[in-house]
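Only one structure is covered here, and it is reproduced in the block below.
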Amino acid sequence: MDLNELLQLATDTYAVRLAQVGDDQWDMPSPCEGWTVRDLVAHVVGGNAMAVALIDGATADEAVALFTATELAADVTTQFADGATAQIAAFAAEGVAAQVLHHPMGDLPGEVVHGFRVGDLTLHAWDLSRAIGADETLPEQLVEAVYANLEPMAPMIASIGVFGDGPSGNVSAETSAQDRLLDLAGRRP
């Protein structure tokens with residue numbers, strides 16, 4: 001699968017979980033330390049908007065301001081769908097893969113930020129599932145792609161600050177691909 005197909009699959013995977021959030025589950029804790037379900041969803045909605053802004057030429061500061069100002073609408077499902085559709089269209093535009101985006105982590109090629117968004121949606125789909133007690137199974141193609149993207153960072157992943165404690169060091173080759181990915185990303189399934 002190419003990155004556009006992976007982004008669509010990650011978006012669809014997240015959307016299924018989001019549609020399952022009950023009215024009484026928004027303030028439940030998520031696996032992301034200090035975040036509720038509401039915080040987790042706002043992070044993803046804000047990340048989608050930030051990516052579109054970066055592709056449209058926003059500076060890192062402008063993107064962060066947009067991201068941190070994200071508030072959930074009364075109809076979160078539609079808000080997510082609209083933002084996700086805009087993100088998919090923005091990344092599908094000609095030349096975006098090679099375009100330099102002024103991401104908060106530094107100037108990065110669009111292709112790298114595209115991969116970040118696939119990973120963010122995939123991992124947070126699992127977080128959302130865990131928080132609300134839904135099916136935690138992730139599509140194999142997403143697991144493989146996100147693991148391949150993150151694995152080279154394994155030695156330093158804990159120091160990045162967005163993956164908790166990083167890999168535990170206790171996962172064997174016999175562990176499922178999904179559990180290896182989750183452990184790499186600081187989750188303990």
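Read the figures in this text as sums done on the coordinates, not as results from a lab. All values reported here derive from a predicted model rather than from experimental measurement. Every residue, glycine as well, gets a Cβ built from its backbone with ideal geometry; the counts of neighbours run over all protein chains shown.
Using a 10 angstrom Cβ neighbour count of at most 11 plus a DSSP loop assignment to flag exposed GluC sites (Glu not before Pro), which longest range of the chain is free of such sites?
Values: sites that count: 33, 71, 94, 174.
By the stated rule (loop sites, at most 11 other Cβ atoms within 10 Å), 95-173.
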Original post:
Amide H to amide H, which residues 5 or more places from residue 103 or on other chains are under 5 Å from it, using H placed in the peptide plane?
Top reply: 108
Subject >> Neighbourhood charge, 14 Å Cβ-Cβ cut-off, centred on residue 110 and excluding it, Lys, Arg +1 and Asp, Glu -1 >> reply: -4
Subject >> Ranked list, fewest to most other Cβ atoms within 10 Å of each Cβ, for 82, 127, 23 >> reply: 23, 82, 127
Subject >> Average Cα contact separation per residue, the chain, under 8 Å, 6 or more apart, as relative contact order % >> reply: 24 percent
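Just add up the charged neighbours of residue 41: K/R +1, D/E -1, any other residue whose Cβ is under 13 Å from the Cβ of residue 41. Before the final figure, lay out the partial values.
Numbers: positive: 17, 38; negative: 27, 39, 71, 75, 120, 127.
With Lys, Arg at +1 and Asp, Glu at -1, the net is -4.
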Original post:
Once the other residues with Cβ under 12 Å from the Cβ of residue 53 are scored (Lys, Arg +1; Asp, Glu -1), what is the net sum?
Top reply: -3
**OP:** Rounding to the nearest 20 debye, state how big the charge dipole of the range 140-189 is about its Cα centre with +1 on each Lys and Arg Cβ and -1 on each Asp and Glu Cβ.
**Re:** 160 debye
**OP:** Counting helices only, and only those DSSP H runs with n ≥ 4, report the 222 nm mean residue ellipticity of the chain as the sum of -39,500 (n - 2.57) divided by its residues, in deg cm²/dmol to the nearest 500.
**Re:** -18500 deg cm²/dmol
**OP:** Convert each backbone phi in the range 115-128 into a coupling constant with the Karplus relation 6.51 cos²θ - 1.76 cosθ + 1.60 (shift: θ = phi - 60°), then list the ³J(HN,Hα) values in order as whole Hz, x for Gly and Pro.
**Re:** x, 4, 5, 4, x, 4, 5, 5, 5, 6, 5, 5, 4, 5
Subject >> Estimated vicinal HN-Hα couplings, Hz - the range 129-144 in sequence order (Karplus 6.51, -1.76, 1.60; Gly, Pro = x) >> reply: 4, 4, 5, 9, x, 8, 4, 8, 5, 9, x, 4, 4, 5, 4, 4
**OP:** Put one equal scatterer on each alpha carbon of the chain, apply the Debye formula with no solvent term, and list log10 I(q)/I(0) at q = 0.09 1/Å to two decimals.
**Re:** -0.30
**OP:** At 0.36 nm per residue, minus the direct Cα-Cα distance, what do residue 111 and residue 172 gain on full extension? Give it in nm, one decimal, please.
**Re:** 18.9 nm
